[in-house]
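S.K.: There's a structure below that I have some questions on.
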Amino acid sequence: MKRALVIGAGPAGLMAAEEMARAGLHVTVAEAKPSVARKFLMAGKSGLNITKDQPFEAFVAAYEQPALRPMLEAFGPAQVIAWAEALEQEVFTGSSGRVFPKAMKASPLLRAWLARLAALGVDIKTRHRWLGGQSFDTPTGQVALAADVTVLAMGGASWARLGSDGAWVAQMPDLVAPFQPANMGFAVAWSRHMEPLFGAPVKPVALRAGGIKHRGEFVVSRRGLEGSGIYAVSKVMREGAPLWLDLMPDVTLQQIESRLAKAGKQSLPNALKRLKLDPVKRALFFEFGKDRDTSVAQTLKNLPIAHAGPRPMDEAISTAGGLRFEALTEGLMLKSQPNIFAAGEMLDWEAPTGGYLITACLATGKWAGRHAAQAA
């Protein structure tokens, strides 16, 4: 029986392992951490968003990486839903198209998946940190795991404590586009008057950056700005686009001006209260907009947000950068290393939150596993 090795036991690695086991290979999965799929489980703590139910062209456009298209055509949203249901995890689709298991958590899905892998004969070895080649550091010393084919699925470079530390880059630096944070918060040096509002959500709000307009919400934290609304524009902000907020997206400029005119002469804080702005929005106005040359109404509709750049990469939900597709064959094999394949977040792609990240990890894992099995 041909032997296959998977390095990394996240969604991409486990999917590659399943694909190769179904093809008749004896599969060993090596994981550096004491348990598998730690980032996957962390994602499930706030509700495991496994994919997004939307027309395929809109779905694939979110990645801005043409090389992913055939993999997502083979294993896209419909296939992800079928995969979860085959593991006896009922799913539901929210109003935004995001798809979740009804249990919401990742642990029931992971348990069912690991049971299936065990039934297929997949051998999972934890506390096996890759040293390069087929060598691993373990609690009992260095070991070698021989294989006819190998799939690398070691993740990106965020959430190192969960296993994605990017250390593998040292083994192949010439093949890698530098990692950058993706879906991350931005640092802000707040003045003291903001402190009572740390943790407060800002909603509804319209965010604008680099030609992107997004209606959503975010959170004011001690560290800066975080949350889904910020993540939606984080890529263009990382590239230098300024951020502007519309604090009253449901009210026109003319309506705000009319309400302020009817209020007559009064202090600015009272005028903002009259507009029924909640405390966090009033605080943001005074933090970033009180000394502008524009009118109060114009500032409320177009508030510039000053920040100190992205928060550290290890805090990011995901990363951009990784193994360049130019260094890989269409089957995701390293051109410079025959029978070595790669999948998941260690590839050079990025995507927004909302089910895109997990779907692409599963799709690339399945694709790499299939082509690795054919090469064995």
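The values are calculated or read from the model by the stated rules, or taken from the named source; none is laboratory data. These numbers come from a predicted model, not from an experiment. Note that we place each Cβ from the backbone using ideal geometry, even for glycine, and neighbour counts take in every protein chain shown.
S.K.: Inspect all residues belonging to the stretch 264-279 and state whether any of them is within 29 Å of P352 (Cα to Cα) and out of contact with any Phe, Trp or Tyr (no Cβ under 9 Å at 6 or more places or on another chain).
M.R.: Restricting attention to the stretch 264-279, the residues satisfying the condition of being within 29 Å of P352 (Cα to Cα) are 278.
From the residues that got through so far, the ones that are out of contact with any Phe, Trp or Tyr (no Cβ under 9 Å at 6 or more places or on another chain) too are 278.
Yes, the stretch 264-279 contains at least one residue that is within 29 Å of P352 (Cα to Cα) and out of contact with any Phe, Trp or Tyr (no Cβ under 9 Å at 6 or more places or on another chain).
S.K.: Considering only the stretch 103-112, I want to know if a residue exists there that is in contact with a strand residue (DSSP E or B) (Cβ under 9 Å, 6 or more places away or on another chain), of a type in the set (K, R), more than 23 Å from A182 (Cβ to Cβ) and without any contact (Cβ under 8 Å) to a residue 24 or more places away in the chain.
M.R.: Of the residues in the stretch 103-112, the ones in contact with a strand residue (DSSP E or B) (Cβ under 9 Å, 6 or more places away or on another chain) are 108-109.
If we keep only those that are of a type in the set (K, R) too, we end up with none.
Looking through the stretch 103-112, none of the residues is in contact with a strand residue (DSSP E or B) (Cβ under 9 Å, 6 or more places away or on another chain), of a type in the set (K, R), more than 23 Å from A182 (Cβ to Cβ) and without any contact (Cβ under 8 Å) to a residue 24 or more places away in the chain.
S.K.: Can you tell which of F325, F286 is among the aromatic types (F, W, Y), outside the structural domain of I7 (by TED's automatic domain parsing) and more than 22 Å from R38 (Cα to Cα)? Steps first, answer last, please.
M.R.: On the way: F325 fails: outside the structural domain of I7 (by TED's automatic domain parsing).
Of the residues listed, the single one that is among the aromatic types (F, W, Y), outside the structural domain of I7 (by TED's automatic domain parsing) and more than 22 Å from R38 (Cα to Cα) is F286.
S.K.: Kindly check whether there is at least one residue in the stretch 5-12 that is part of a helix (DSSP H, G or I) and surrounded by 24 or more Cβ atoms within 10 Å (Cβ to Cβ).
M.R.: Pass one, the stretch 5-12, residues part of a helix (DSSP H, G or I): 11-12.
Narrowing the set further to residues that are surrounded by 24 or more Cβ atoms within 10 Å (Cβ to Cβ) leaves 11-12.
Yes, there is a match, as at least one residue in the stretch 5-12 is part of a helix (DSSP H, G or I) and surrounded by 24 or more Cβ atoms within 10 Å (Cβ to Cβ).
S.K.: Take the residues in the stretch 337-376 that are part of a loop (DSSP other than H, G, I, E, B) and either over 20 Å from the mean Cα position of the chain (by Cα) or not assigned by TED's automatic domain parsing to the domain that holds A23 (or both), then tell me which one is surrounded by the fewest Cβ atoms within 10 Å (Cβ to Cβ). Explain how you work it out, then say what you get.
M.R.: Within the stretch 337-376, the subset part of a loop (DSSP other than H, G, I, E, B) is 337-339, 343, 348-355, 376.
Okay, now just the ones that are also either over 20 Å from the mean Cα position of the chain (by Cα) or not assigned by TED's automatic domain parsing to the domain that holds A23 (or both), so 337-339, 376.
Working: Q337: 15, P338: 10, N339: 15, A376: 17.
So, considering only residues that are part of a loop (DSSP other than H, G, I, E, B) and either over 20 Å from the mean Cα position of the chain (by Cα) or not assigned by TED's automatic domain parsing to the domain that holds A23 (or both), the one surrounded by the fewest Cβ atoms within 10 Å (Cβ to Cβ) is P338.
S.K.: Still on this structure, I have one more. Is at least one residue of the stretch 63-83 at pLDDT 95 or above, of a type in the set (S, T, Y) and under 19 Å from the mean Cα position of the chain (by Cα)?
M.R.: Within the stretch 63-83, one or more residues are at pLDDT 95 or above, of a type in the set (S, T, Y) and under 19 Å from the mean Cα position of the chain (by Cα).
S.K.: Could you tell me which residue of the stretch 25-57 is surrounded by the most Cβ atoms within 10 Å (Cβ to Cβ), considering only residues that are farther than 20 Å from A82 by Cβ and free of Cβ contacts under 8 Å to residues at least 24 places away in the same chain?
M.R.: Within the stretch 25-57, the match that is surrounded by the most Cβ atoms within 10 Å (Cβ to Cβ) is S46.
S.K.: Next question, about the same structure. Return yes when E195 is in a helix (DSSP H, G or I) and either on the phi > 0 side of the Ramachandran plot or not assigned by TED's automatic domain parsing to the domain that holds S46 (or both) and no when it is not. Before the answer, list the steps.
M.R.: Working: in a helix (DSSP H, G or I): yes; either on the phi > 0 side of the Ramachandran plot or not assigned by TED's automatic domain parsing to the domain that holds S46 (or both): yes.
In short, yes.
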